[in-house]
Structure formats: structure tokens, C-alpha cells
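None of the figures in this text is laboratory data; all of them are computed from the coordinates on show. All of these numbers come straight from a predicted model, not from anything done at the bench. Note that each Cβ is placed from the backbone with ideal geometry, even for glycine, and that neighbours are counted across all protein chains shown.
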Amino acid sequence: MFKRNFILLAVIMNMAVACKNAPKNSDKDSLLSLLPATEQFRDTIDGKPTDLHILKNKKGMYVAITNFGGRNVSLVVPDKSGKPVDVIVGSGSLKDFYRFMVTP
């Protein structure tokens, strides 16, 4: 009887921990809203194609880099509570970024 209750308790605890650690859809949605859309950075400037590359690591850090000068457009890191936060004030598109760079 004790052994069966112990196994049942262990299974319940494992399920509770697994549910707690599972990524939430709202977290994924908020992360996607923080990262710029790659389509907004696909263009041609002075005959050269431009694009946006997004790199990520296992700890939840994302960086979006454009090949137009190798500039960081977005840097998303988890804050102390684990919520993703963009710490770079960047442009949402290459055209906005280019306009900002060219306009004095």
C-alpha cells in the first residue's frame, strides 16, 4: 500500500513539474511580437540583397542581425522573472532603418 501511494505521489509531482516548465503559448506569442519580421528586411539596396538573420541560444536569448552593415536590430533577453524583453531600440523594417541612417 505504501509503495503504491509513493509511486502515485511521484507521478503526480513529475506531472506538476512538467506542466510548470512547459513553454506557454502566450510567452511564445509575446516573443514573436518582440522580434522584427524577416520579410521587412528582405530588399535590395545598391544592387545588393539584404536580409535579417535571427540567432538564439538555449537560455532564451535572441538577436536579430541584418546583413546591411551587420547591425543588431533586436536583442531579446529574459528579465529576472524570465519574461522576454527587447533591450535594443531598433527599426521594424529595413526601409525605416535606412531612412533613419540617411536622413540627417
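The table below gives the values:
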read-out	value
Computed FRET value (nearest 0.05) for L32 with S81, which takes r as the C-beta separation and R₀ as 25 Å	0.85
Where only C-alpha atoms are counted, convex hull volume of segment 25-102 per residue in Å³	86 Å³
Count, lysine Cα pairs under 19 Å in segment 25-102, 8 or more residues apart or across chains	12
Estimated FRET transfer efficiency (T44, I88; beta-carbon r; R0 30 Å; 0.05)	0.75
